[in-house]
Each structure stands twice: as C-alpha cells, then as structure tokens.
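**Q** A single structure is presented below for examination.
The values are calculated or read from the model by the stated rules, or taken from the named source; none is laboratory data. All values reported here derive from a predicted model rather than from experimental measurement. Don't worry about glycine lacking a Cβ; one is built from the backbone with ideal geometry, like all the others, and counts go over all protein chains shown. The area values use the complete protein model at the heavy-atom level, side chains included, leaving out ligands, DNA and RNA. Shrake-Rupley method; radii C 1.70, N 1.55, O 1.52, S 1.80 Å.
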Amino acid sequence: RDFIAPVKPHTIAKSIAIGNPADGPYALDVARQSGGSITAVSDAEIVAAIKLLAETEGIFTETAGGTTIAVLKKLAESGRIHPDETTVTYITGNGLKTAEAVKDVIGAPFKIDATLDSFNQAWANASGQTTAGTALVA
C-alpha cells in the first residue's frame, strides 16, 4: 500500500521498532523501483536468525541484525532471493547490546575476571577441555 499506518510495535527488536517511520514511504519507493521486497518477521524468527548467524559465521549480532538475517532467510526460502544471486548484508550491531533477547536460547553469559587465565578457564569449561592443573567436574 502507499500509506504507512502508524502502529505501536511490540518486539524484541527495539532499535528498529519505529511505529511511524519518517522514511517509510521512501523505503516503499526503493523496494518498488528496485524490484525488492519488504517483509516482517516474528521475534522467534529473529532469535533463530541470531543463533544461525553466530553458529555459521561466528558473528553475535543484536536484534536488528537478527531481523536482517531472518528477513534474508525468509526471502531466500520464498524464492524472492535466488541462490545464484550475490546478496550482501551489513551487520553492525553487537549482540551484547541485546543479550537479554536470546538468553533463553543461549543461556546466561559467563562471568569472568578481566584476566587471560580467567578467560582460558571459562573457555576450557565451555568446550569441555581441561587446562593445566585444572580438573573439570561435571
């Protein structure tokens, strides 16, 4: 449609939850002129996309980046983005900004002292390894 109806968004993606975006009509124009698409995703899809990006690329993004990846996935699965096309996605927000959004999926963060030894011990515990002089207890 040509008119953006203001809404009150309820989402974990707070940084992009703009109920009446000033650039909404321009975004619609760009999508139409480029043959592009605009789509919405659920909070569950955002969380799944954050996890997917972390597992496949080693990037922990915030909820806005999760939204981008979730939309990209949805458009690829629907055929709007073809497998032979090159697609570039900019992910600039760090997942530590919105870690509470994924805590139920990834668990609580490790709290460590600001030392290399403390980091190495936490890494060893998380990966099921042992470090010199340390025995892990399950």
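**Q** Can you tell me which of (1) open to solvent by 40 Å² or more (accessible area, probe 1.4 Å); (2) at negative phi; (3) not hydroxyl-bearing (Ser, Thr, Tyr) is the one VAL41 doesn't meet?
**A** Against the list (1) open to solvent by 40 Å² or more (accessible area, probe 1.4 Å); (2) at negative phi; (3) not hydroxyl-bearing (Ser, Thr, Tyr), VAL41 comes up short only on (1).
**Q** Counting just the residues of region 94-138 that are assigned to a loop (DSSP other than H, G, I, E, B) and open to solvent by less than 70 Å² (accessible area, probe 1.4 Å), which one comes out modelled with the lowest pLDDT?
**A** LEU136
**Q** Mind counting the residues in region 72-88 that are among the polar types (S, T, N, Q) and either in contact with a helix residue (DSSP H, G or I) (Cβ under 9 Å, 6 or more places away or on another chain) or not in a loop (DSSP other than H, G, I, E, B) (or both)?
**A** 1
**Q** Among the residues that make up region 28-44, is at least one of them under 16 Å from ALA99 (Cα atoms), assigned to a helix (DSSP H, G or I) and not basic (Lys, Arg)?
**A** yes
**Q** Give all pairs with beta carbons closer than 8 Å in which a residue from region 69-93 that is free of Cβ contacts under 8 Å to residues at least 12 places away in the same chain meets a residue that is open to solvent by 80 Å² or more (accessible area, probe 1.4 Å) and in a loop (DSSP other than H, G, I, E, B); count only pairs at least 6 apart in sequence or on separate chains.
**A** The qualifying pairs are ALA76/PRO83.
**Q** If you don't mind, another one. Out of the residues in region 49-67 that are touching a residue at least 24 places away in the same chain (Cβ under 8 Å) and aliphatic (A, V, I, L, M), state the one that is nearest to SER15 (Cα to Cα).
**A** Among residues in region 49-67 that are touching a residue at least 24 places away in the same chain (Cβ under 8 Å) and aliphatic (A, V, I, L, M), the one nearest to SER15 (Cα to Cα) is ALA64.
**Q** With respect to ILE91, determine if the residue is out of contact with any Pro (no Cβ under 6 Å at 6 or more places or on another chain), hydrophobic (A, V, I, L, M, F, W, C), closer than 17 Å to ALA13 by Cα and assigned to a helix (DSSP H, G or I).
**A** So ILE91 does not fit the description; no.
**Q** Okay, next question. Does ILE69 satisfy the condition of being surrounded by 14 or more Cβ atoms within 10 Å (Cβ to Cβ), within 13 Å of the chain's Cα centre (by Cα) and either part of a loop (DSSP other than H, G, I, E, B) or acidic (Asp, Glu) (or both)?
**A** Spelling it out, it is not the case that ILE69 is surrounded by 14 or more Cβ atoms within 10 Å (Cβ to Cβ), within 13 Å of the chain's Cα centre (by Cα) and either part of a loop (DSSP other than H, G, I, E, B) or acidic (Asp, Glu) (or both).
**Q** State which residue pairs qualify: first residue free of Cβ contacts under 8 Å to residues at least 24 places away in the same chain and inside region 23-37, second residue among the basic types (Lys, Arg) and surrounded by fewer than 11 Cβ atoms within 10 Å (Cβ to Cβ) in any location, beta carbons under 9 Å apart, and separation of 6 or more residues or different chains.
**A** Sorted first by the residue in region 23-37, then by its partner, the list stays empty.
**Q** Please list, ordered by first then second residue, the pairs with beta carbon atoms under 9 Å, 6 or more apart or interchain, first in region 103-118 and free of Cβ contacts under 8 Å to residues at least 12 places away in the same chain, second of a type outside the set (A, V, I, L, M) and assigned to a helix (DSSP H, G or I).
**A** PRO109/LYS103; ILE112/SER118; ILE112/PHE119; ILE112/GLN121; ASP113/PHE119
**Q** If I ask for residues that are among the acidic types (Asp, Glu), open to solvent by 30 Å² or more (accessible area, probe 1.4 Å) and part of a loop (DSSP other than H, G, I, E, B), which ones from region 54-66 would you list?
**A** Listed by number, the list is empty, since nothing qualifies.
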